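These notes are about the structure you will find just below.
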Amino acid sequence: MKVHNFSPGPAMMPPEVMQEVQQELLDFQGSGMSIMEVSHRSAIFQGVIDQAMLDLRTLMEIPENYEVLFVQGGASTQFAMVPLNLMQKGRVDFLDTGTWSDRAIQEAQKYGETRIVASSKDKAYTYVPEVEEGKLDPDADYFHITTNNTIFGTRLNQIPGLKTVPLVADMSSNILAERYRVEDFGLIYAGAQKNIGPAGLTIVIIRKDLIGKANPRCPKMLDYQTHAQKGSLYNTPPSFAIYLAGKVFQWMLKEGGVAAAEQRNQEKADSLYEFLDASSFYTSNIQPPHRSLMNVCFKTPDPEIDVRLVSFAESKGCMFLKGHRSVGGLRASLYNAMDIHGVGRLLEVLVEFEKQQ
Ligand code: PMP
């Protein structure tokens, strides 16, 4: 039985990439060694990391005045690293769109004053609130947003902010899946384990003028300058994860880059939302303009039926449809590696399940 993996992360990888990795797992480019066995100071690994950074730059059209950093610790470490590096006056603005923005707020509060300029908590985070420019602090050190809310299934369809205040974005669940202008941001961060590669690698894209101003008490490993000065090789990096990310970047370039990925993602998400909206059994309570292309949250008429659907779908090869434990219901994650046929299979399974009720 063919398995379709709808996990929110770690998530499915492109099958072509996995095959390539399998082929060269024991012998990387005639070296007689696996890439995971070689020194991060070797010429072999240097070639891999250089190419991966270059390809990410090409994919996202990252301008010269931005540094690309490959670090560890997940997006959760960025919740602390961002304030430790960017807080000068000690005032930051946040858009509260769910659990992950809240985690970022909790962490930043340890270092200064945080202000929530808009929140969708009033309606259980089922939409993304409008940000009135007048509400933003022109003297804030930065303004933090989460471009895609993995747990609630919403996304920002417009990028808010003031040109004069660095915009910081947690793009963990939709980096490389939708087009963004890097120039609109001071800093972008993302854990790799959804659209890029295995867990263990975190991507940071930071405007160069924001580097080198860390809090004097900032641990060296958490200072962006440490990693920028050493080409992300200050200490041992997650070398195998970087190698795999590089493979995914190459795959994306071959498949037409971010614009083509966005188009495929839109088609995949549309086919599922159209089905849900036409159904009297399944519902999505996310407001249409804010529906995520990556994480489609929905439910049946009864939480007990949701539980049964998760098992039924698994018996048919559609894995990990259980919603996040904090919201319940169902969630299908459709990252870049999921193709339209996977969504087609999910629709068949949903129809079959409904018929049996
Ligand atoms: N931000 C978002 C939007 C996420 O989806 C996640 C993880 N699902 C995180 C942050 C936390 O990431 P990590 O587990 O890499 O720390």
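The values are calculated or read from the model by the stated rules, or taken from the named source; none is laboratory data. Not measured: the values here are computed from a predicted model. We place every Cβ from the backbone using ideal geometry, glycine too, and count neighbours over all the protein chains shown. Heads up: the accessible areas ignore ligands, DNA and RNA and are worked out on the full protein's heavy atoms, side chains in. Shrake-Rupley method; radii C 1.70, N 1.55, O 1.52, S 1.80 Å.
Scan S76, S101 and give me the residue that is open to solvent by 50 Å² or more (accessible area, probe 1.4 Å), part of a helix (DSSP H, G or I) and over 21 Å from M252 (Cα atoms).
Values: S101 fails: open to solvent by 50 Å² or more (accessible area, probe 1.4 Å).
From the options S76, S101, the qualifying one is S76.
From N157, N174, grab the single residue that is within 21 Å of K268 (Cβ to Cβ) and under 13 Å from the mean Cα position of the chain (by Cα).
So the residue among N157, N174 that is within 21 Å of K268 (Cβ to Cβ) and under 13 Å from the mean Cα position of the chain (by Cα) is N174.
Can you go through T236, T226 and tell me which one is more than 26 Å from T150 (Cα to Cα) and touching a Lys or Arg at 6+ places or on another chain (Cβ under 6 Å)? Break it down stepwise before answering.
Values: T236 fails: touching a Lys or Arg at 6+ places or on another chain (Cβ under 6 Å).
Result of the check over T236, T226: T226.
Can you give me the number of residues within region 158-189 that are in a loop (DSSP other than H, G, I, E, B) and either away from the ligand (no atom under 16 Å from the Cβ) or among the small types (G, A, S) (or both)? Give the steps one after another, and end with the answer.
Of the residues in region 158-189, the ones in a loop (DSSP other than H, G, I, E, B) are 158-166, 171-181, 185-186.
Subsequent filtering for residues that are either away from the ligand (no atom under 16 Å from the Cβ) or among the small types (G, A, S) (or both) retains 158, 160-166, 172-173, 177, 179, 181, 186.
So the count comes out to 14.
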Which count do you get for residues in region 224-276 that are more than 22 Å from Y180 (Cβ to Cβ), free of Cβ contacts under 8 Å to residues at least 24 places away in the same chain and not in a helix (DSSP H, G or I)? 3
Give the residues of region 305-323 that are out of contact with any Phe, Trp or Tyr (no Cβ under 8 Å at 6 or more places or on another chain) and assigned to a loop (DSSP other than H, G, I, E, B), sorted by residue number. K316, G317, G323
Inter-residue pairs, beta-carbon under 9 Å, first closer than 23 Å to R155 by Cβ and in contact (Cβ under 8 Å) with a residue 60 or more places away in the chain and in region 112-139, second open to solvent by 60 Å² or more (accessible area, probe 1.4 Å) and assigned to a helix (DSSP H, G or I), 6+ apart: Y127/P289; V128/P289
Yes/no for A43 being of a type outside the set (S, T, N, Q), within 30 Å of R291 (Cα to Cα) and without any contact (Cβ under 8 Å) to a residue 24 or more places away in the chain: no
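Could you list, in sequence order, the residues of region 132-147 that are open to solvent by less than 30 Å² (accessible area, probe 1.4 Å) and assigned to a loop (DSSP other than H, G, I, E, B)?
Taking region 132-147 and keeping what is open to solvent by less than 30 Å² (accessible area, probe 1.4 Å), we get 136-137, 140-147.
Selection gives L136, D137, A140, D141, T147.
Would region 42-59 turn up any residue that is at pLDDT 95 or above, within 16 Å of the ligand (Cβ to nearest atom) and either assigned to a loop (DSSP other than H, G, I, E, B) or out of contact with any Phe, Trp or Tyr (no Cβ under 8 Å at 6 or more places or on another chain) (or both)?
First, pick out the residues of region 42-59 that are at pLDDT 95 or above: 42-59.
With the extra rule that they be within 16 Å of the ligand (Cβ to nearest atom), the set shrinks to none.
There is no residue in region 42-59 that is at pLDDT 95 or above, within 16 Å of the ligand (Cβ to nearest atom) and either assigned to a loop (DSSP other than H, G, I, E, B) or out of contact with any Phe, Trp or Tyr (no Cβ under 8 Å at 6 or more places or on another chain) (or both).
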For region 190-216, enumerate the residues that are in contact (Cβ under 8 Å) with a residue 60 or more places away in the chain and in a loop (DSSP other than H, G, I, E, B). Q193, K194, N195, G197, P198, A199, G200, L201, I211, K213, A214, N215
Determine, yes or no, whether L253 is within 30 Å of S34 (Cα to Cα) and either more than 23 Å from the chain's Cα centre (by Cα) or open to solvent by 60 Å² or more (accessible area, probe 1.4 Å) (or both). yes
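Kindly indicate the residue of region 32-50 that is in contact with a Gly (Cβ under 9 Å, 6 or more places away or on another chain) and surrounded by 15 or more Cβ atoms within 10 Å (Cβ to Cβ) and also nearest to E20 (Cα to Cα) among those meeting that condition. It would help to see each step written out before you state the result.
As a first pass, look at region 32-50 and keep what is in contact with a Gly (Cβ under 9 Å, 6 or more places away or on another chain): 46, 48-50.
The next check asks that each one be surrounded by 15 or more Cβ atoms within 10 Å (Cβ to Cβ); those that pass are 48-49.
Working: V48: 15, I49: 17 Å.
The qualifying residue nearest to E20 (Cα to Cα) is V48.
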Only one of G186, G212, G191 is surrounded by fewer than 18 Cβ atoms within 10 Å (Cβ to Cβ) and either closer than 19 Å to R103 by Cβ or at pLDDT 95 or above (or both), namely G212
Is it the case that D93 is away from the ligand (no atom under 12 Å from the Cβ), surrounded by 21 or more Cβ atoms within 10 Å (Cβ to Cβ), more than 28 Å from L244 (Cβ to Cβ) and charged (D, E, K, R)? yes
